[in-house]
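Here's the structure, in structure tokens; my notes come after.
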Amino acid sequence: MKKLQVDSLAEKKIKQGIQLLYSRDIKVDFELNQLVSLFNKNNQFLGTAYLSEQNKGIGWVLSKNEVVLDLNYFIALFKVAKSKRHDYILSTQTNAFRVFNQDGDHFGGLTIDIYDDFALFSWYNEFVVSQKAIILEAFNLVFPEINGIYEKLRIKNASYQSAHLYGKEAPEKFLIKENDINYQIFLNDGLMTGIFLDQHDVRNHLTKGLANQKSVLNLFSYTAAFSVASVVGGAKKTDSVDLAKRSKELSIAHFKANNLPLDNHNFIIMDVFEYFKYAKRKQLKYDLIIIDPPSFARNKKQTFSVQKDYHRLVSQSLDILEPNGSLILSTNAANLTKKQFKKQIEKGLGKVNYDITQFQQLPNDFTVNNSDESSNYLKVFTIKVTQ
């Protein structure tokens with residue numbers, strides 16, 4: 001195993017428990033896609049890591065001890081991960097959840113989601129892909145109840161995005177259950193599945209009274225899962241807005257899966273900023289507005305970045321919010337801290353009076369590295385505007 005020296009700042013991060021490595025952390029030439037031993041400038045051993053380029057960072061620390069990536073290593077990882085999700089595995093109300101979550105389960109670059117009796121592996125770099133055979137062997141030993149395995153390659157310039165690996169093949173579209181609500185999902189169609197599992201606590205919040213008897217606007221709605229949860233929770237009207245043409249068909253499928261009427265529930269294919277203008281012209285008002293944009297987006301007219309532009313969404317939503325209405329403001333941008341996100345929100349709210357009624361982050365199945373704030377990437381503020 002190659003020995004690599006890191007600088008004092010990287011040493012401090014590693015000792016704090018931060019697992020993600022960047023190229024600036026390593027002060028010598030290095031080759032990618034290998035397991036390495038990390039040392040400080042005094043030749044003190046700091047831990048075992050692997051190096052491989054992905055959308056963030058250049059590798060991950062795996063342990064502060066020497067490790068061998070053999071079958072027993074991965075079996076041990078998966079046994080611990082499975083025990084942490086004991087309540088989800090036994091649940092009769094939910095059968096879709098995350099069972100392995102990168103650095104929260106001490107192996108960055110890999111996530112595994114359960115969808116009923118199927119597992120979906122997401123590989124984030126080439127080194128993890130190189131370990132695929134032994135990882136799958138270990139998983140099958142720890143999760144024998146899983147009947148079929150799918151994968152997503154979240155790697156730049158990958159030759160394919162999605163595939164069935166082995167075992168039982170899932171239907172092209174099928175239903176999963178979350179808090180006794182049905183959602184139609186798909187496992188082998190690009191990188192998406194039809195639902196973002198990390199938002200299941202927020203959806204549950206909507207079913208427990210937050211949306212009751214309210215008119216709800218769901219922006220960047222994707223497949224309108226927030227809208228479905230709102231209707232189950234008693235919403236009298238929902239408008240779901242997304243620019244993607246496919247979103248309407250997929251959203252209606254969620255409604256039909258729960259035998260929900262479509263009356264008073266609309267699906268609008270439109271740019272969100274254009275919809276703000278439309279809603280103002282039509283004098284539309286909402287009791288609850290949900291804003292969960294992608295971290296970065298571009299269309300023909302403009303680009304959008306959560307870091308720079310989220311405040312615009314907040315300020316423009318105020319124009320169509322009923323007096324004493326509420327906002328659910330969400331981002332999954334790992335590079336935006338809670339403090340920075342709150343500043344964007346405060347800038348958008350301006351001088352209006354408001355109360356933060358709830359703050360949520362990743363649910364329990366999305367285990368996080370508590371030493372690294374960016375690991376707990378989801379940040380959701382529920383705000384009541386008291387005009």
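Placing a label point 7 Å from the Cα of residue 64 along the Cα-to-Cβ direction, the residues of the stretch 1-34 whose backbone N falls under 18 Å from that point are 6-21.
Among 374, 230, 63, which one shows the highest mean-square fluctuation when the chain is modelled as a Gaussian network with alpha-carbon springs under 10 Å? In this elastic network of the chain, the residue with the biggest mean-square fluctuation among 374, 230, 63 is 63. In the chain, which longest range has no trypsin sites (Lys or Arg not before Pro) that are both DSSP loop (not H, G, I, E or B) and surrounded by at most 13 other Cβ atoms within 10 Å? The longest uninterrupted stretch comes out as 57-155. If the Kirkwood radius is taken over C-alpha pairs of the stretch 196-385, then at 10 °C and 1.306 mPa s the Stokes-Einstein diffusion coefficient equals 95 µm²/s.
A DSSP coil position with no more than 10 other Cβ atoms inside 10 Å describes the following GluC sites (Glu not before Pro) in the stretch 158-215: 172. Dipole check for the chain: with +1 at the C-beta of Lys and Arg, -1 at the C-beta of Asp and Glu, and the Cα centre as origin, the magnitude is about 1420 Debye.
Placing unit charges on the Cβ atoms only, positive for Lys and Arg and negative for Asp and Glu, gives the stretch 2-63 a dipole magnitude near 200 debye about its Cα centre. Stretching residue 297 away from residue 87 to a fully extended chain increases their span by 72.0 nm, per 0.36 nm per residue minus the current alpha-carbon distance.
Distance from the Cα centroid of the stretch 315-387 to that of the stretch 228-283 is 22 Å (rounded to whole angstrom). Extension gain for residue 305 to residue 337 (0.36 nm times residue separation, less C-alpha to C-alpha distance): 10.1 nm. Solvent-accessible area per residue in the chain equals 46 Å², computed with a 1.4 angstrom probe and all protein chains kept.
Taking the protein heavy atoms of the stretch 2-63 in the context of the full set of protein chains, the accessible area attributed to carbon and sulfur is 45 percent at 1.4 Å. Applying 1/(1 + (r/R0)^6) with r as the Cβ-Cβ distance of residue 283 and residue 312 and R0 = 30 angstrom yields a FRET efficiency of 0.90.
Here the spin labels are modelled as points 7 Å beyond Cα on the Cα-Cβ line, and at residue 373 and residue 322 they lie 3.6 nm apart. Counting only lysines at least 8 places from residue 343 when in the same chain, those with an alpha carbon closer than 27 Å to its own are 13, 56, 277, 280, 285, 301, 308, 351, 379, 384. Compute the signed sum of charges (Lys and Arg +1, Asp and Glu -1) over the other residues within less than 14 Å, Cβ to Cβ, of residue 216. Local charge sum for residue 216: +1.
Which residues does a label at residue 116 reach in the stretch 124-156, if reach means a backbone N under 17 Å from a point 7 Å past the Cα toward the Cβ? It comes to 145-151, nothing else. As a calculated quantity, the FRET efficiency between residue 37 and residue 356 at R0 = 41 Å, using C-beta atoms, amounts to about 0.35.
Inter-label distance, residue 27 to residue 386: 5.4 nm, where each label sits 7 Å from its Cα along the C-beta direction. Of the labelled options [x] 18.2; [y] 19.8; [z] 22.0, which one gives mean projected area of the Cα convex hull in nm² as computed for this structure? Structure-derived value, by its label: [y]. Given the options 350, 209, 233, which has the most mean-square fluctuation in a GNM of the chain, springs set between C-alpha atoms less than 10 angstrom apart? The residue that fluctuates most here is 350. Given R₀ = 35 Å, what would the calculated FRET efficiency be for residue 174 paired with residue 72, taking r from the Cβ atoms and rounding to 0.05? So, using R0 = 35 Å, E works out to roughly 0.50.
The values are calculated or read from the model by the stated rules, or taken from the named source; none is laboratory data. Everything numeric here is computed off the predicted structure, so don't read it as measured data. Glycine gets a Cβ as well: all are built from the backbone with ideal geometry, and neighbour counts include every protein chain shown. Ligands, DNA and RNA are excluded from the accessible area calculation, which covers all protein heavy atoms including side chains. Shrake-Rupley method; radii C 1.70, N 1.55, O 1.52, S 1.80 Å.
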